[in-house]
Amino acid sequence: MKLTYFGHSCFLLETGKARLLLDPFLNGNPTSPIKAAQVKCDYVLLSHGHEDHSGDALEIAKRCNATLIANYEIAEYFGAKGAKTHGMNPGGGFNFPFGRVKLTLAHHTSSVEAGLHPVYLGVPCGLLISADGRNLYHAGDTALFLDMQLIGRAGLDAALIPIGDNFTMGPDDALTALDFLKPKVAVPIHYNTWPVIAQDGAAFAARAAQAGHTVRALTPGEALEL
C-alpha cells in the first residue's frame with residue numbers, strides 16, 4: 001500500500017485493487033505539486049464539504065468515472081451535479097471491492113459556498129479505511145475528542161491527523177490524539193497551507209518521538225509505503 005501526500009489534507013492511497021483520492025484540493029492549493037487534471041483514481045473520499053477538502057472532487061470524479069464516497073448529504077450534493085456517489089454516515093461502514101470504509105466522528109463543520117447562503121453538507125467525518133490487511137485513519141478536520149481511543153482499537157497502521165490549529169487541533173492536542181490512537185506511524189496534515197495554520201511539522205515529529213510515537217512529516221509529493 002502506497003500513500004502519496006499532495007499537501008494540505010490530500011492524499012492518493014494506492015491499494016492492490018484501487019486508487020483512492022482523499023480530500024482532493026489541488027488546483028487551489030498553493031502547496032500541491034500537481035493539478036487536478038494530472039490525477040487518476042477509482043474512488044474519491046471526502047471527510048467533509050469545505051472547499052479545501054472537496055474543491056476538485058467533482059471534476060476528478062466525473063473525468064475518472066470514480067465513485068465519490070462521503071456522508072449522505074455530500075453524496076447527494078455531488079450526485080445531483082453528475083458524479084457517481086456512495087453515501088454513508090458516521091458509524092456506518094461498507095465493503096467496497098478494494099476493502100472497507102467506515103465513517104467516524106469528527107468535531108468540525110461542513111459546508112460549501114460559504115457566505116450569506118452557505119450550503120450545509122451534513123456532519124464532518126473521519127475516514128477509516130481497511131485494505132490490503134492494513135488500517136488507515138484520515139481524521140479530516142477535527143478537534144481532539146476522547147472517542148479517538150475507540151478508533152485506535154482498530155489497530156492503526158497509519159493515522160493522518162491535523163496539527164494546524166485555528167480550525168483544527170494544534171500540535172499539543174495532536175500529541176494527545178496520538179496517545180489515544182496509537183498508530184504505527186502518523187502523518188501531520190492541514191498545516192502550512194496559509195499563514196493562519198502555519199506549524200513546524202519537523203518539530204511536531206520530534207516532540208512525538210520523545211513521547212514514543214513515530215511521525216513522518218511528509219513534504220508535498222512525497223510517498224510513504226505502509
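Rule-based calculations on the coordinates, nothing more; no lab input. Please read all numbers here as calculations on a predicted model, not as lab measurements. Backbone-built Cβ (ideal geometry, glycine too); neighbour counts: all protein chains shown.
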remark   = The set of residues whose placed amide H lies less than 5 Å from the amide H of residue 84, leaving out same-chain residues fewer than 5 positions away, is 68
request  = Calculate how steeply helix 171-181 sits against the longest principal axis of the alpha-carbon atoms of the chain, using the helix alpha-carbon long axis, and give the answer as 0 to 90 degrees to the nearest 10.
outcome  = 80
Contour minus Cα-Cα distance for residue 146 and residue 100 (0.36 nm per residue) = 14.2 nm
Ranked 101, 196, criterion: other C-beta atoms within 10 Å, fewest first = 196, 101
ask   = Pulled fully out, how much extra length does the chain show between residue 59 and residue 185, if you take 0.36 nm times their separation in residues and subtract their Cα-Cα distance?
value = 42.2 nm
message = I'm checking a number: the convex hull volume of the Cα atoms of segment 2-225, normalised per residue, in Å³. What is it?
response = 108
note = Per its Cα gyration tensor (rounded if a/c is under 1.5, else prolate when a/b beats b/c, else oblate), segment 76-128 is best filed as oblate
request  = Could you work out the local net charge near residue 167, counting Lys and Arg as +1, Asp and Glu as -1, over the other residues with Cβ closer than 10 Å to its Cβ?
outcome  = -3
ask   = To the nearest 10 degrees, how steep is helix 201-210 against the longest Cα principal axis of the chain, on a 0 to 90 scale?
value = 50
